[in-house]
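> Dropping a structure here in structure tokens format, bear with me for questions.
The values are calculated or read from the model by the stated rules, or taken from the named source; none is laboratory data. These figures come from a predicted structure and were not determined experimentally. Glycine also receives a Cβ, built like all others from the backbone with ideal geometry; neighbour counts cover every protein chain displayed. Heads up: the accessible areas ignore ligands, DNA and RNA and are worked out on the full protein's heavy atoms, side chains in. Shrake-Rupley method; radii C 1.70, N 1.55, O 1.52, S 1.80 Å.
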Amino acid sequence: MNNTPSLDDWKKLYDLMAQLKDLAPWDWMEEDDIFGIQMPETGDLGFVSVMGALGEHLAIAVYQGIKGLSGFWQMHAKGPKLTAEFVLQIPQLQASFEDRDLISKEDREVMKKLGLKYRGAQAWPQFRSYRPGCFPWLIEKEEAKMLICTLEQVLQVAPRFKEDPKILTPTDTIHDYLVRVYDNGKWEDRVQHIEFREDKTINVVMDEEALEHLRALMPGKLTLEIDLSMMDEPVQEKRKERPFFPFMLILVDQDSGMILGIDMLTPLPSLEEMWSHVPAIVVEKLAQNIPPREIQVKDDMLYFLLQPVAQELGFSIKKQSRLKQIEHTKRELRNFTNRLGF
């Protein structure tokens, strides 16, 4: 099935970007001036942010669903502690203005078909899809539809916000949002309260045989550091497929610094699917005569995934701001790959 946007969709997107450039809503809107849109056919929610107040990155982002909106606010809360790894785990679409050298061959082909030419800095429209754990990639048909609706509504809402900034805070209740909804043949304002659910649901896979073997080895005496982190370089398994960032799971003995396990995991088909296998992988490693007394982690998700295993087997799990042996191991691995020329 051809999942690429039609030429008509591309024309709409580029036409809307031309109107957006003339409007320049980033001159009076900040990134956190958020409003929502509800897709007409699917009912999917998107939350729209206008970027470019500082002139560095002119773009419209639409954060997809409550997960995307939650990620946006967490991203803002992190401030200087924000990492690229965190940003790349927030589902979103972006329509941006880039310099010529950032425009891909695929972008140029579409522009050529439409007879479009651009000159100058931050003049070239670009449309990208951010899926958790993956490299920003070319948009698909449904994503193009969401971006078209997003840009159309920015052109409607931004001038109104300029006249009356209160429209984006429709009530005194926190997390009440202006949401644009298509009803009876026209777009209307609605107020929607968004509940951010704290509970995480991961369908964990477990190797019961390894779990029972590890149980027989307990109580343990070792203090281990365990880390799960995204690699810096993306991998593309097949040409034209969306590249992804592998994740590295490392287990290190804190006293000796000995590496007890390194596994490369892929965030496909989703991060949730990858996370579901992490407890089983850790248990299988520990069942190889590595019973822990304590496990130290830095990552919130890893803490969440391993906490039930810790409770069941009777070892403690602690969150630390730094994992010194893990940091040392990563430095050594980087030095090794650099020497090999990777």
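> Given region 72-166, what helices (runs of 4 or more DSSP H) lie entirely inside it while holding 1 or more residues that are without any contact (Cβ under 8 Å) to a residue 40 or more places away in the chain and over 24 Å from SER229 (Cβ atoms)? Let's see the steps before the verdict.
Details: elements: 84-87, 105-114, 141-163.
Result: 105-114, 141-163.
> Counting only residues that are touching a Ser or Thr at 6+ places or on another chain (Cβ under 9 Å) and hydrophobic (A, V, I, L, M, F, W, C), which one in region 231-244 is surrounded by the fewest Cβ atoms within 10 Å (Cβ to Cβ)?
Top of the filtered list is VAL235.
> Out of everything in region 253-271 that is under 24 Å from GLU233 (Cα atoms) and of a type outside the set (A, V, I, L, M), what residue ends up being most open to solvent (accessible area, probe 1.4 Å)?
PRO269
> Select from region 58-93 the residues that are open to solvent by 20 Å² or more (accessible area, probe 1.4 Å) and of a type in the set (A, V, I, L, M) and list them in ascending order.
ILE66, MET75, ALA77, LEU82, ALA84, VAL87, LEU88, listed by residue number.
> Take the residues in region 27-55 that are under 19 Å from the mean Cα position of the chain (by Cα) and of a type in the set (Gly, Ala, Ser), then tell me which one is farthest from GLN92 (Cα to Cα).
GLY36
> Among the residues of region 101-114, is there at least one that is of a type in the set (D, E, K, R) and surrounded by 20 or more Cβ atoms within 10 Å (Cβ to Cβ)?
We begin by selecting, within region 101-114, every residue of a type in the set (D, E, K, R); these are 101, 105-109, 112-113.
Checking which are surrounded by 20 or more Cβ atoms within 10 Å (Cβ to Cβ) leaves us with none.
No; the residues of region 101-114 include none that is of a type in the set (D, E, K, R) and surrounded by 20 or more Cβ atoms within 10 Å (Cβ to Cβ).
> Taking the conditions exactly as written (in contact (Cβ under 8 Å) with a residue 12 or more places away in the chain, within 30 Å of GLU195 (Cβ to Cβ) and part of a helix (DSSP H, G or I)), does ILE37 satisfy them or not? First the steps, then the outcome.
Values: in contact (Cβ under 8 Å) with a residue 12 or more places away in the chain: yes; within 30 Å of GLU195 (Cβ to Cβ): yes; part of a helix (DSSP H, G or I): no.
The answer is no for ILE37.
> Here are the criteria: (1) in contact (Cβ under 8 Å) with a residue 60 or more places away in the chain; (2) over 26 Å from the mean Cα position of the chain (by Cα); (3) open to solvent by 50 Å² or more (accessible area, probe 1.4 Å). Tell me which single one ASP172 does not satisfy.
Every listed condition holds for ASP172 apart from (1).
> Additional query: Could we say that PHE97 is within 24 Å of PRO269 (Cα to Cα), surrounded by 14 or more Cβ atoms within 10 Å (Cβ to Cβ) and not acidic (Asp, Glu) here?
Details: within 24 Å of PRO269 (Cα to Cα): no; surrounded by 14 or more Cβ atoms within 10 Å (Cβ to Cβ): yes; not acidic (Asp, Glu): yes.
In short, no.
> For residues that are among the β-branched types (Val, Ile, Thr) and surrounded by 13 or more Cβ atoms within 10 Å (Cβ to Cβ), scanning just region 305-342, find the one that is modelled with the lowest pLDDT.
Step one: of region 305-342, the residues among the β-branched types (Val, Ile, Thr) are 309, 317, 326, 329, 337.
Add one more test, that the residue is surrounded by 13 or more Cβ atoms within 10 Å (Cβ to Cβ), and what stays is 309, 317, 326, 329.
Details: VAL309: 95, ILE317: 97, ILE326: 95, THR329: 91.
For region 305-342, the residue satisfying everything is THR329.
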